[in-house]
Amino acid sequence: MIPLLMYVAIFVVAFFLVTKVVSGVAAKDYTSLKTVTFGDESAVRPNRAAGIISILTIFLMWGVFTGSKLLPEFLHAPGPFLGTTEFTYTAQAEGQAPDDATVTVLVFPRETPADAPGVDPGDGFAKNDSVAIAQWRTGLVNVSRNDEISKADGARVIAINGKKIAPGETVKTANGSVTLSDKGTPNFAPSKGWQMEPLYLPAPEEVWTRTLQIASEGFRNFTLWEHLGYSLFRVVVGFLLGALVGIPLGYAMGLSNWFRGWFDPIVEFMRPVPPLALIPLVIIWAGIGEAGKIILLFLAALWIMAIAARSGVSGVKISKVHAAYSLGASKWQIMRYVIIPNSLPEIFTGARVAMGVCWGTVVAAELVAAEQGAGMMIMTASKFQNTDIVIMGIILIGVIGFGIDMLMRAAEKFLVPWKGKG
């Protein structure tokens, strides 16, 4: 919740600062001269300052909540406790007055194990104890192991730092908390702070270091570029095959009652089925080789492209068709000069969505007997809890996917300059 509130706060502050500063020095172009822009898609353009601040905010929060060395320490979120702390437990035994003893806890970094510090056992039947616990971990404190009257003799812990406690209950202490287990053994949990454990989210510089290492040494007998190249090849081939079949199918469904009636139930049935659900069938039908992976990506793109093309044909204004017919145009000319140009914006939108779905599916496609690929790299690393490799793979897939999307936008802008202009 804290990261979300922090992100929302940065968004709101940046919005007011940027819009107030930029509004006075905005470029004077055709769009800026429009008097009505709300609802006009052509008047909505990405604010570059907002995009830059958005990316910087994500990396800032990543560094803040991982204790990144790239940021000054005053920007770090409170980290997990490190050092020595104490808590007192009260033991009670039949026929004896309650006795207090102190437990000294040494919390050490996970990468540098340490031994429990030595302590004076003290007087009374409950003796002082010590324990060493790794950062972000918890540890049971067997307080009765050195007591004169042990748990086996009927002694039990009844309070922590003077607060009564029963099995299953928790008492807050300095720099942590103590929970009494079902068998009456105190379990100390050091304070974890707000930072994420590197096992779950490593700092940005750790991911960058691992990226350079894999780029130079490779991963599982293949270079990083070979892994990315195989994934890119599978995605592009699967997408192109899906577009090659899906676009004509969508045109046929948009222009023919028979094709619409025949294929519409199939398309609408398959559209909500996630590609991941098709993996078992694809393996049975096509095996575990490259063909199966490309078929899965083909199916991921096929239905999206068919629906996009059908929607593009259905969205052509009938007035344009009537005007072309009145000028003596043939059906082929109607198709060439009216339907195809007016449906291209919808098809490009569908292509961008399909490409994104293919990139999301390639990770699952490479789960099955793949020796190369970004998805295989991510899944293999996750089995060994190499989170830095997992994040590296996710970032690289996102960067490549974003680059492809930008290329498709540029192609759309070049090939369909009339989009949003009537």
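The values are calculated or read from the model by the stated rules, or taken from the named source; none is laboratory data. The structure displayed is predicted, hence computed values, not measured ones. Cβ coordinates were reconstructed from backbone atoms using ideal geometry, including for glycine residues, and neighbour counts include every protein chain displayed. Just the protein is used for accessible areas: all its heavy atoms, side chains included, with ligands, DNA and RNA removed. Shrake-Rupley method; radii C 1.70, N 1.55, O 1.52, S 1.80 Å.
Brief remarks on what is shown
- Accessible solvent surface per residue of the stretch 206-415, calculated while the other protein chains remain in place, 1.4 angstrom probe, Å²: 53 Å²
- Using a simple spin-label model with pseudo-atoms 7 Å out from Cα toward Cβ, VAL236 and THR88 lie 7.2 nm apart.
- Here the average projected area of the convex hull drawn through the C-alpha atoms of the chain stands at 31.6 nm².
- FRET E, pair ARG409, THR112, Förster distance 60 Å, beta-carbon r, rounded to 0.05: 0.75
- With respect to the chain, whose longest principal axis is taken over its alpha-carbon atoms, helix 340-365 is tilted by about 30°.
- Accessible-area value, SER216, 1.4 Å probe, nucleic acids and ligands omitted, Å²: 90 Å²
- The count of lysine pairs in the stretch 319-422 whose Cα atoms are under 20 Å apart, excluding pairs fewer than 8 places apart on the same chain, comes to 4.
- Using alpha carbons only: equivalent-ellipsoid semi-axes of the stretch 299-409, gyration tensor based, whole Å: 43, 12, 9
- Backbone geometry of the stretch 132-137 corresponds, through the Karplus equation with coefficients 6.51, -1.76 and 1.60 at θ = phi - 60°, to 3J(HN,Hα) couplings of 10, 10, 6, 4, 6, 10 Hz, x marking Gly and Pro.
- Sites count as exposed loop sites when they are GluC sites (Glu not before Pro), lie in a DSSP loop, and have at most 16 other Cβ atoms within 10 angstrom; the longest stretch of the chain without one is 170-370.
- Of PHE239, PHE259, PHE65, the residue with the greatest mean-square motion in the GNM of the chain, using alpha carbon springs below 10 Å, is PHE259.
- Between THR185 and ASN142, the modelled labels are 0.7 nm apart [label points 7 Å from Cα along Cα→Cβ].
- Extending 7 Å from Cα along the Cβ direction at ILE55 and again at SER314 yields two label points whose distance is 3.8 nm.
- In the stretch 322-422, the chymotrypsin sites (Phe, Trp or Tyr not before Pro) that fall in loop regions by DSSP, at most 13 other Cβ within 10 Å: PHE384, TRP418
- The length gained by stretching the chain between LYS163 and LEU70 to full extension, at 0.36 nm per residue less their Cα-Cα distance, is 29.2 nm.
- Between ASP123 and TYR337, the contour length at 0.36 nm per residue exceeds the alpha carbon distance by 67.2 nm.
- Of ASP123, ASP388, the residue with the largest accessible area leads and the full order is ASP123, ASP388 (1.4 Å probe).
- With Cα atoms, 0 to 90° folded angle of helix 2-23 axis to the chain main axis: 50 degrees
- Scanning residues 5 or more positions from VAL368 or on other chains, none has an amide H under 5 Å from its amide H, with H placed 1.01 Å from N in the peptide plane.
- Global size of the stretch 185-276: 24.5, 75 Å for Rg and Dmax (C-alpha atoms, Rg to one decimal, Dmax whole).
- Per-selection Rg to Rh, the stretch 206-415 - Cα, Kirkwood hydrodynamic radius: 1.08
- Residue-averaged [θ]222 nm for the chain, counting only DSSP H segments that reach four residues, each worth -39500 (n - 2.57): -17000 deg cm²/dmol
- The stretch 108-236 - Kirkwood radius from inverse mean 1/r over Cα pairs (Å): 18.8 Å
- Spatially proximal lysines relative to LYS151 (Cα-Cα < 28 Å; intrachain offsets below 8 disregarded): LYS127, LYS163, LYS164, LYS172, LYS183
- Fully extended contour minus Cα-Cα distance, from TRP194 to LEU255, at 0.36 nm per residue: 16.1 nm
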